[in-house]
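Trainee: Take this structure, written in structure tokens, and hold onto it; I'll ask about it next.
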Amino acid sequence: MTRILGIGVVTALGDDPAAVCKLVAGGASALAASATLAGLPDTRAASVVGPDLAGWLMRKKDARLLARAARLALPAAGRALVGLPAGAAEETAVFVAVGREPPDDADAEPSLLAMERDGQLDRDRLGGRGRELYPPLLPLKTLPNMVLAHVSIQHGLRGENGTFAGDAAAGAQALRAAELAVEEGRAPFALAGASFSGVDLASARDRWRLGQVAPPGEAAVFVLVGPGEPRGEPLPWRLADAEAWERALGDCGPVAGLWHLLG
Amino acid sequence: MRIAITAASVRCAAGDALVPPTRCWAAPDPDALALGIPGVARATCPDDPRFPDDRKGSLAAAVLSALPPPPPGARVGLYLGTGLSSLTPAELALDLYPHVVAGGFDRLAMARDLATDRPSPRRHQPHRVTEVLGATVGATVTETSFSACAAAAQSVLNAARAVHRGDVDVAYAGGHDSMLHPIGYLSFVVLGALSPSRGRPFDRHRDGFLIGEGAAILRLQREQDLGPSDTVLGWIVGGGTSVDAYNVTHPHPEGHGASLAMRRALRDAQLTPGDIDYVNAHGTGTPVGDQAECLAVASVLGDVPVSSFKGAVGHTIAAAGAVELALCLGIFGSGELPGTPGLEEVDPELRAQVLKEPRNGVARHILSNSFGFGGQNCALIVARPG
């Protein structure tokens, strides 16, 4: 058996799990017009202000390597890990769920424009100005498993691990992988979480084209799982009510698979 | 854990045979040449209409369709590792370049372009291939690993554990990836990861990797579920994963994370270092990566034969762990340990028994390494049939 030893969240309704829960249950919503989504049929999104990374990033220069999902993840993971016993990090497992990979067209815009000729990618320009202008660290920023990489680096986590992709199910898979790692004795503790941001034009346009009309959101939820009997009171409200969370915080992709933990 | 591999299918530059490659399959590609890269290792694979402008989806569909279906009534899982879907020339031409105005992108016009017939939105859903193909084998469990170059190996390990626990009766597990397009090349060129000459893992003049593409899927079952007609190609007996937690851009110089993964794999398989007869290295051909891996192999396994396939079929990125494990299955029963295609002069600084050429030898247990950008590592151990 396993139990949750720590939790950290970053949402557009705040960072206190219990308070976020109350707000959602009370019908609050963080959805508001987003300038980033101007031109789409619905410009509403649930955006996180910040987050403030002070105290969650050992080397400030690493901030340039952080995509939005990694920025959201660091404070949430850090809060979840507060109770991790000293010396346990080396064997602590970490499982993270992510959604669509971060779009690379904004940072790469000067390079992509430099490669264009007559509406097509031009091979000569690709090897010329396109190459010169392509940000050298962009691939490392956009790799989806970088959320896990940055969280691990900050906290020295070197245990069993996995990065899962998908919607709400991926968040649940990360949690289950963490529970299994502890139950099967492969790790004394395991960090499980999901981090996602859909508040950018490329992602939001893709969603519209796929017929996914729920406003996008962004959030991160992480929990520290350890051995022990589960404890807690029966939930007074259907915290797993996906529609309520979506009305409050937008579509947060794989994070939606972990909303129920906030109770 | 002792999980039978009852079928395997692979597509890579060397073809679809389950045998270690013996020569380099690199060929020139105009887009790669424009970036100073002389060759890439391209697989032969038809485009699948379910995955437009998504080469890695077509590769996955091809290998899955070559496998036998699950037994009637079996609970089935599909576990696939996949990679990044960078911008393709088609996506640029359809979705971005029509909106260039006065030297910049017109974001309002882009936002209003909601045409539903574009491949890009589906291509950017990393789990879509797993879900679409999962339906074709009746999978009630699907899982998509997104762990960079360790993704496929982690999928195989997760699947083997799921079969071992009894979560599913049959697992199809592997990975698929292709970054053989201009932005794919560019992503690695700017990192200095691609060889401007040729892929030659463990060579004293190694200067980066040969990029490839591919897919492989293994069919996994419990021993007690095997029927008289089932053929066992090998047994997955253990695996381990780790994170470097060191640096986003570089592996730990002494391969600490890699060592942890291999030690955990040995512990999981209840084996000792002396039980491993051959190591299929991650062995990309980058100066730092090969050195760190050799240090790690030596520290955990001692003087064990090591070779790499990446000078032959290229680095198939997120698919590499499954592609190379599938190719390793041909080692069992061959009486030969494979060499390292592309390697001319073993770097004398490397502390490992690197095999340049194939040599006689019997492999009872093979350990296969996969290490990803971001520091995710996975080691799998497979035992010979019998």
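Trainee: Looking only at region B:295-318, filter to residues that are under 20 Å from B:Glu336 (Cβ atoms) and either of a type in the set (S, T, N, Q) or outside the structural domain of B:Glu357 (by TED's automatic domain parsing) (or both); which one of those is surrounded by the most Cβ atoms within 10 Å (Cβ to Cβ)?
Mentor: Out of the qualifying residues, it is B:Ser308.
Trainee: Which residues, counting only those in region A:154-172, are part of a loop (DSSP other than H, G, I, E, B) and either under 18 Å from B:Cys378 (Cβ atoms) or more than 7 Å from every other protein chain (Cβ to nearest Cβ) (or both)?
Mentor: We begin by selecting, within region A:154-172, every residue part of a loop (DSSP other than H, G, I, E, B); these are A:156-160, A:166-167.
Listed by number, the residues that qualify are A:Leu157, A:Arg158, A:Gly159, A:Glu160, A:Asp167.
Trainee: Also, quick follow-up: Would you please name the residue that is farthest from A:Leu140 (Cα to Cα), looking only at residues in region B:63-110 that are of a type in the set (Val, Ile, Thr) and without any contact (Cβ under 8 Å) to a residue 60 or more places away in the chain?
Mentor: So in region B:63-110, the residues of a type in the set (Val, Ile, Thr) come out as B:63, B:76, B:82, B:88, B:100-101.
In the following step, the residues that additionally are without any contact (Cβ under 8 Å) to a residue 60 or more places away in the chain were identified as B:100-101.
Numbers: B:Val100: 27, B:Val101: 29 Å.
Per the stated criteria, the residue is B:Val101.
Trainee: Next question, about the same structure. For a quick check of your reading: which helices (runs of 4 or more DSSP H) sit entirely within region B:77-175 and have at least 2 residues that are under 30 Å from B:Asp230 (Cα atoms), among the aliphatic types (A, V, I, L, M) and facing another protein chain (nearest Cβ under 7 Å)?
Mentor: Working: elements: B:107-112, B:120-123, B:128-136, B:151-165.
Once the helices (runs of 4 or more DSSP H) in region B:77-175 are filtered for at least 2 residues that are under 30 Å from B:Asp230 (Cα atoms), among the aliphatic types (A, V, I, L, M) and facing another protein chain (nearest Cβ under 7 Å), nothing remains.
Trainee: Something else: Within region A:18-44, how many residues are within 14 Å of another protein chain (Cβ to nearest Cβ), of a type in the set (Gly, Ala, Ser) and in contact with a Pro (Cβ under 9 Å, 6 or more places away or on another chain)? First the steps, then the outcome.
Mentor: First, the residues of region A:18-44 that are within 14 Å of another protein chain (Cβ to nearest Cβ): A:33-44.
Those still in the list that are of a type in the set (Gly, Ala, Ser) too: A:33-35, A:38-39.
After this cut, where a residue has to be in contact with a Pro (Cβ under 9 Å, 6 or more places away or on another chain) as well, the list is A:34.
Number of matching residues: 1.
Trainee: Can you pull out every residue in region A:85-139 that is β-branched (Val, Ile, Thr) and either over 30 Å from B:Arg267 (Cα atoms) or more than 7 Å from every other protein chain (Cβ to nearest Cβ) (or both)? Break it down stepwise before answering.
Mentor: From region A:85-139, those β-branched (Val, Ile, Thr) are A:92, A:94, A:96, A:98; that's our starting set.
Passing the criteria: A:Thr92, A:Val96.
Trainee: Among (1) at pLDDT below 95; (2) surrounded by 15 or more Cβ atoms within 10 Å (Cβ to Cβ), where does B:Asp117 come up short?
Mentor: (2)
Residues checked against (1) surrounded by 24 or more Cβ atoms within 10 Å (Cβ to Cβ); (2) in the same structural domain as B:Arg55 (by TED's automatic domain parsing); (3) at negative phi; (4) touching an Asp or Glu at 6+ places or on another chain (Cβ under 9 Å):
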{"position": "B:Asp167", "(1), (2), (3), (4)": "no, yes, yes, no"}
{"position": "B:Ala171", "(1), (2), (3), (4)": "yes, yes, yes, no"}
{"position": "B:Pro182", "(1), (2), (3), (4)": "yes, yes, yes, yes"}
{"position": "B:Tyr185", "(1), (2), (3), (4)": "yes, yes, yes, yes"}
{"position": "B:Phe188", "(1), (2), (3), (4)": "no, yes, yes, no"}
{"position": "B:Ala193", "(1), (2), (3), (4)": "no, yes, yes, no"}
{"position": "B:Pro201", "(1), (2), (3), (4)": "yes, yes, yes, yes"}
{"position": "B:Asp207", "(1), (2), (3), (4)": "no, yes, yes, no"}
{"position": "B:Ala215", "(1), (2), (3), (4)": "yes, yes, yes, yes"}
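Trainee: From the list A:Gly78, A:Gly162, exactly one residue is closer than 20 Å to A:Leu57 by Cα and not hydrophobic (A, V, I, L, M, F, W, C). Which is it?
Mentor: Result of the check over A:Gly78, A:Gly162: A:Gly78.
Trainee: Going by the conditions given, is A:Leu175 within 20 Å of B:Gly257 (Cα to Cα), assigned to a helix (DSSP H, G or I) and under 18 Å from the mean Cα position of the chain (by Cα)? Step through it out loud before you land on a result.
Mentor: Numbers: within 20 Å of B:Gly257 (Cα to Cα): no; assigned to a helix (DSSP H, G or I): yes; under 18 Å from the mean Cα position of the chain (by Cα): yes.
Against the criterion (within 20 Å of B:Gly257 (Cα to Cα), assigned to a helix (DSSP H, G or I) and under 18 Å from the mean Cα position of the chain (by Cα)), A:Leu175 does not qualify.
Trainee: Those residues that are of a type in the set (S, T, N, Q) and under 14 Å from A:Ala170 (Cβ atoms), I need them from region B:114-153; list them, please.
Mentor: Filtering region B:114-153 for residues of a type in the set (S, T, N, Q) gives B:116, B:120, B:125, B:130, B:136, B:140, B:142, B:144-145, B:147.
Correct list: B:Gln125, B:Thr130, B:Thr142, B:Thr144, B:Ser145, B:Ser147.
Trainee: What's the number of the only condition in (1) surrounded by 22 or more Cβ atoms within 10 Å (Cβ to Cβ); (2) within 19 Å of B:Gly240 (Cα to Cα) that A:Glu179 fails to meet?
Mentor: With respect to (1) surrounded by 22 or more Cβ atoms within 10 Å (Cβ to Cβ); (2) within 19 Å of B:Gly240 (Cα to Cα), A:Glu179 is out only on (1).
Trainee: In addition: State all residues of region B:230-273 that are modelled with pLDDT under 95 and more than 10 Å from every other protein chain (Cβ to nearest Cβ); if no residue qualifies, say none.
Mentor: B:Asp230, B:His250, B:Pro251, B:Pro253, B:Glu254
Trainee: Let me ask you something else. Is it fair to say B:Gln224 is more than 12 Å from every other protein chain (Cβ to nearest Cβ), assigned to a helix (DSSP H, G or I) and surrounded by fewer than 21 Cβ atoms within 10 Å (Cβ to Cβ)? Reasoning before the result, please.
Mentor: Numbers: more than 12 Å from every other protein chain (Cβ to nearest Cβ): yes; assigned to a helix (DSSP H, G or I): yes; surrounded by fewer than 21 Cβ atoms within 10 Å (Cβ to Cβ): yes.
Spelling it out, B:Gln224 is indeed more than 12 Å from every other protein chain (Cβ to nearest Cβ), assigned to a helix (DSSP H, G or I) and surrounded by fewer than 21 Cβ atoms within 10 Å (Cβ to Cβ).
Trainee: For residues in region B:45-83 being within 17 Å of the chain's Cα centre (by Cα) and of a type in the set (Val, Ile, Thr), which is farthest from B:Ala17 (Cα to Cα)?
Mentor: B:Thr82
Trainee: Just give me the residues in region A:158-168 being surrounded by fewer than 24 Cβ atoms within 10 Å (Cβ to Cβ) and closer than 13 Å to B:Arg128 by Cα, in sequence order.
Mentor: Of the residues in region A:158-168, the ones surrounded by fewer than 24 Cβ atoms within 10 Å (Cβ to Cβ) are A:167-168.
If the condition is that a residue be surrounded by fewer than 24 Cβ atoms within 10 Å (Cβ to Cβ) and closer than 13 Å to B:Arg128 by Cα, then A:Asp167 is the only one that fits.
Trainee: If you take the residues in region B:186-215 that are away from chain A (no Cβ under 13 Å), of a type outside the set (Asp, Glu) and more than 20 Å from the chain's Cα centre (by Cα), which one is farthest from B:Gln291 (Cα to Cα)?
Mentor: B:Ser197
Trainee: Show me the helices (runs of 4 or more DSSP H) found entirely inside region B:245-323 where at least 1 residues are more than 17 Å from the chain's Cα centre (by Cα). Outline the logic, then answer.
Mentor: Numbers: elements: B:256-269, B:287-301, B:310-313.
Qualifying helices (runs of 4 or more DSSP H): B:256-269, B:287-301.
Trainee: Check whether at least one residue in region A:186-194 is facing chain B (nearest Cβ under 8 Å) and either in contact with a helix residue (DSSP H, G or I) (Cβ under 9 Å, 6 or more places away or on another chain) or crowded, with 24+ Cβ neighbours inside 10 Å (or both), and report yes or no.
Mentor: Residues of region A:186-194 that are facing chain B (nearest Cβ under 8 Å), as a first pass: A:186.
Those still in the list that are either in contact with a helix residue (DSSP H, G or I) (Cβ under 9 Å, 6 or more places away or on another chain) or crowded, with 24+ Cβ neighbours inside 10 Å (or both) too: A:186.
Within region A:186-194 (the criterion being facing chain B (nearest Cβ under 8 Å) and either in contact with a helix residue (DSSP H, G or I) (Cβ under 9 Å, 6 or more places away or on another chain) or crowded, with 24+ Cβ neighbours inside 10 Å (or both)), the answer is yes, since at least one residue qualifies.
Trainee: Do you know which of the residues in region B:18-74 that are farther than 25 Å from B:Gly208 by Cα and of a type in the set (Ser, Thr, Tyr) is surrounded by the fewest Cβ atoms within 10 Å (Cβ to Cβ)?
Mentor: By that ranking, first place goes to B:Ser65.
Trainee: I'd like the full set of residues that are surrounded by 24 or more Cβ atoms within 10 Å (Cβ to Cβ), touching a helix residue (DSSP H, G or I) at 6+ places or on another chain (Cβ under 6 Å) and either among the hydrophobic types (A, V, I, L, M, F, W, C) or farther than 20 Å from B:Arg206 by Cβ (or both), limited to region B:337-362.
Mentor: Residue satisfying the conditions is B:Ala352 alone.
Trainee: While we're here: Quick one: would you say A:Ala67 is at pLDDT 95 or above and not polar (S, T, N, Q)?
Mentor: Here the answer is no, as A:Ala67 does not meet what is asked.
The values are calculated or read from the model by the stated rules, or taken from the named source; none is laboratory data. Please read all numbers here as calculations on a predicted model, not as lab measurements. Positions of Cβ are backbone-derived with ideal geometry, glycine not excepted, and every protein chain shown enters the neighbour counts.
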